[in-house]
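Enquirer: Just passing along the structure, written as structure tokens.
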Amino acid sequence: MTIEFPFSELLEQLPKQFFASLVAKVGEKIKAGHDVINLGQGNPDQPTPKHIVEAMQRAAVNPKYHKYSPFQGYSFLKEAVAAFYAREYGVEVDPTREVAILFGGKAGLVELPLCLVNPGDVVLVPDPGYPDYWSGIALARARMEMMPLVVEQQFLPDYSAIPAAVADQAKLMFLNYPNNPTGATATKEFFAETVAFAAKHGIAVVHDFAYGAIGFDGKKPVSFLEVDGAKDVGVEIYTFSKTYNMAGWRVAFAVGNERIIRALELLQDHLYVSLFGAVQEAAAAALLGPQDCVNELVALYEARRNAFIAALREIGWEAPAPSGSFFAWLPVPKGWSSAEFADVLLERAHVAVAPGIGFGEHGEGYVRVGLLTDEARLCEAAERIGRLGLF
Ligand SMILES: Cc1ncc(COP(=O)(O)O)c(C=O)c1O
């Protein structure tokens, strides 16, 4: 007889995965033979650039990499990160003390609360926001205080609205620009304000720069580290998943505050040995090699954005154009909840979108669309929605 082992209390208190039900519903529709246009997820649709795959192929046969890699990653990758930050953002980084290699951005984001907060401590979280922030906070048994992101504030948190008592209790804050799910971008002024607020209240800032490469209309997204004093209060998490279409490779890094980097490496020493050396070599090749592939990718997403937003306006959906990321954040028509509206689009138009409520209370009233299929499919999605006559 197999024993029904109870899960630990820690596992039982993890947040429910809201989007699992969406994935299941989409799967059922496809199984029933419908041609679903799935715009509900954030999985890049393009392959990894050829020169990066080739670097991996060459490195995979190197016996050096068939052994354990150094615990904290290869220094050549950390040096490549420093060269990348100097080249792209004019930011000086010490590769020996200010860079940690991560098994994807998600791992770092989940590890950080475990590194920096105690049970009951307060963590400031954007609402709406990327749900994986909640996971690390739950594992650390900390408490979330939401920072509403609203259109009137360009989807940037309003620090003056955070009660002083909450700010003083907060130990950690997550930010993410270009933003998932709103597609908003940040300014240097906002990051300077963030540094001042964090310094005043002793808060560690984690800027999730997952969409760092994806800014539209010729505007390159700003790195948090470009602002004076940023390294005194925080780190930036940079993933290869989106810039180089390497979501399956699981490679990212944290860069910035030495003490936070030390904490990450210490925790990781206990959790794993570092990434396969060949992946690290390919990652360095991505950072140091030609960047045309990145420019082409941004142009591709921008063309999709323009075509899709124009198609939505044609059907009467007054949709704002995102300034970065590969998401469009679309207000639902009056009288609908985001979940009801997403259900109707899936049921009647066979178009899957992510209901805003899944990203937090302030996501209500919106749905998120990923620009992760070609222009023709995006325009077809808009046409199918138009035929429902809801606008
Ligand atoms: C805002 C944001 N942060 C982090 C990640 C994690 O990326 P990865 O774990 O692939 O590095 C994602 C992925 O979708 C994301 O949307």
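Readers should treat all values here as calculations from the given coordinates under stated rules, not as data from a laboratory. Keep in mind that this is a model prediction, so the values were computed, not measured. Note: ideal-geometry Cβ built from the backbone for every residue, glycine included; neighbour counts use all protein chains shown.
Enquirer: By average Cβ neighbour count within 10 Å, what is the ranking of 303-309, 249-255 from highest down?
Expert: Going from most to least packed, we get 249-255, 303-309.
Enquirer: Another one. With only Lys, Arg, Asp and Glu charged, each at its Cβ (+1 for the first two, -1 for the last two), find how big the charge dipole of region 292-382 is about the Cα centre; round to the nearest 20 debye.
Expert: That gives region 292-382 a dipole magnitude of about 140 debye.
Enquirer: Remind me, what semi-axes does region 295-357 give for its equivalent ellipsoid, largest first in whole Å, using sqrt of 5 times each Cα gyration tensor eigenvalue?
Expert: Square roots of five times the eigenvalues give 23, 12, 11 Å.
Enquirer: Please determine, in degrees from 0 to 90 and to the nearest 10, the orientation of helix 19-31 with respect to the longest principal axis defined by the Cα atoms of the chain, where the helix direction is its Cα long axis.
Expert: Roughly 50 degrees, rounded to the nearest 10.
Enquirer: How high is the FRET efficiency between Leu10 and Thr373 when r is their beta carbon distance and R₀ equals 56 Å, given to the nearest 0.05?
Expert: Plugging the Cβ-Cβ distance into 1/(1 + (r/R0)^6) gives 0.90.
Enquirer: Count neighbours as other Cβ atoms within 10 Å of each site's Cβ, and list the GluC sites (Glu not before Pro) in region 1-47 that are DSSP loop with at most 14 such neighbours.
Expert: Answer by residue number: Glu4.
Enquirer: Quick one: Debye curve from the alpha-carbon atoms of region 1-60 only, equal weights, vacuum; give me log10 I(q)/I(0) at q = 0.12, 0.14, 0.17, 0.26 Å⁻¹ to two decimals.
Expert: -0.70, -0.81, -0.84, -1.08
Enquirer: Okay, next question. Show me, for region 49-58, the HN-Hα J-couplings you get by feeding each phi into the Karplus relation (A = 6.51, B = -1.76, C = 1.60, θ = phi - 60°), rounded to Hz, glycine and proline as x.
Expert: x, 4, 5, 7, 4, 5, 4, 5, 4, 5
Enquirer: For Gly370, what charge total do you get from the other residues with a beta carbon under 13 Å from its beta carbon, if Lys and Arg give +1 and Asp and Glu give -1?
Expert: +3
Enquirer: Restricting to DSSP loop positions (anything but H, G, I, E, B) with no more than 11 other Cβ atoms inside 10 Å of their own Cβ, which trypsin sites (Lys or Arg not before Pro) remain in region 1-78?
Expert: Working: sites: Lys16, Lys25, Lys29, Lys31, Lys50, Arg58, Lys64, Lys67, Lys78; in loops: Lys16, Lys67.
Listed in order of number, the matching sites are Lys16, Lys67.
Enquirer: I'd like the orientation of helix 375-386 relative to the chain: the angle between its Cα long axis and the longest Cα principal axis, in ° from 0 to 90, rounded to 10.
Expert: With both axes taken from Cα atoms, the answer is about 40 degrees.
Enquirer: Same structure, new question: Could you give me the percent of Cα pairs per 20 Å distance bin for the chain, shortest bin first, beginning at zero and ending with the bin that holds the maximum distance?
Expert: Pair shares across the bins are 27, 57, 15, 0.
Enquirer: From the square roots a ≥ b ≥ c of the eigenvalues of the alpha-carbon gyration tensor of region 126-278, which class results: rounded (a/c under 1.5), prolate (a/b over b/c), or oblate?
Expert: It comes out oblate by the Cα gyration axes.
Enquirer: At each listed q (0.15, 0.19, 0.31 Å⁻¹), what is the log10 of I(q)/I(0) that the Debye formula gives for region 204-247 modelled as equal alpha-carbon point scatterers?
Expert: Taken in order of the listed q values, log10 I(q)/I(0) reads -0.41, -0.62, -1.06.
Enquirer: While we're looking at this one, here's another question. Grab the beta carbon distance between His34 and Phe391, set R0 = 22 Å, and tell me the FRET efficiency rounded to 0.05.
Expert: For R0 = 22 Å, the calculated efficiency reads 0.45.
Enquirer: If you average over every viewing direction, what projected area does the convex hull of the Cα atoms of region 110-204 give, in nm²? Each step should come with its number before you reach the end.
Expert: Numbers: hull surface 22.1 nm².
So the Cα hull casts an average projection of 5.5 nm².
Enquirer: Quick one: 3J(HN,Hα) in Hz for region 86-93, Karplus 6.51/-1.76/1.60 with θ = phi - 60°, rounded, Gly and Pro as x.
Expert: Once θ is set to phi - 60°, the couplings for region 86-93 become 5, 5, 7, 10, x, 10, 7, 10 Hz.
Enquirer: With only Lys, Arg, Asp and Glu charged, each at its Cβ (+1 for the first two, -1 for the last two), find how big the charge dipole of the chain is about the Cα centre; round to the nearest 20 debye. Could the numbers behind the result be given before it?
Expert: Values: 33 positive and 46 negative charges, 144 e Å.
Magnitude of the dipole: close to 700 debye.
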